[in-house]
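Structure record follows, encoded as structure tokens.
The values are calculated or read from the model by the stated rules, or taken from the named source; none is laboratory data. Because the structure is a prediction, the values reported are computed rather than measured. Neighbour counts run over all protein chains shown; Cβ positions are idealised from the backbone, glycine included. These accessible areas exclude ligands, DNA and RNA; they are computed on the full protein's heavy atoms, side chains included. Shrake-Rupley method; radii C 1.70, N 1.55, O 1.52, S 1.80 Å.
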Amino acid sequence: SKGDIEIEYCNPAALIYRGLWLSRQFYKFLLECLLGAPHGYLTLAIYLDEAYPGNQHRPDAGRGTQCIYLTIMEFPEWFRSRSCGWLSFSYVSIQNMKDNGVTDANIVNTMLNILENDTGKPTNSDFAICVHDTIFPFKVQLEVADWPQHAKTFSIKGHQGTVCCWWCPNCISHCSPFVDPVPVHY
């Protein structure tokens, strides 16, 4: 609303494409993940979290950073639970965002536009990568975050943190939160 900011980012489609071309092991690994995917596509999950190195209570949020990561939900749990299971998208200065009126929703919207304008658009996916005559379709479906981050990402207000997601505002305590070993829509 006040201005533009320049953000350096790593395009996830380009990173995955490069990895598939350079590493036969990664190609085989991702192909196994795709073959085991229940819907025939790989699910890209977004994770945002603020980090404050040093003094977290510094009033100017000096080194505060909005960290944006992605993972593929069809990665095995043992792989996804390690740092190598999360791909870096970008690290954005919170102070720079505040100074220019840029919100988390703006950042996520830009990221989704970057992904949508990539290598093709099959009917059942958001984007696809074709390597060695194999099409790897991807859908961007989940944002893994706590309620305050959901509220900031989707520009929503209210609920005072009493609900876990804005699609189902009254679902707290309706089921055990650990029924499934991987993140699911709750």
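Scanning segment 1-19 for residues that are more than 23 Å from Gly85 (Cβ to Cβ) and buried (at least 17 other Cβ atoms within 10 Å of the Cβ) turns up just one, Ile7. Filtered by the rule that a residue be more than 23 Å from Cys130 (Cβ to Cβ) and open to solvent by 20 Å² or more (accessible area, probe 1.4 Å), segment 20-56 gives Tyr47, Asp49, Glu50, Ala51, Tyr52, Pro53, Gly54, Asn55, Gln56.
Being open to solvent by 20 Å² or more (accessible area, probe 1.4 Å) and β-branched (Val, Ile, Thr): is that true of Thr71 here? Against the criterion (open to solvent by 20 Å² or more (accessible area, probe 1.4 Å) and β-branched (Val, Ile, Thr)), Thr71 does not qualify.
Counting the residues of segment 109-142 that are outside any loop (DSSP other than H, G, I, E, B) and modelled with pLDDT under 70 gives 2.
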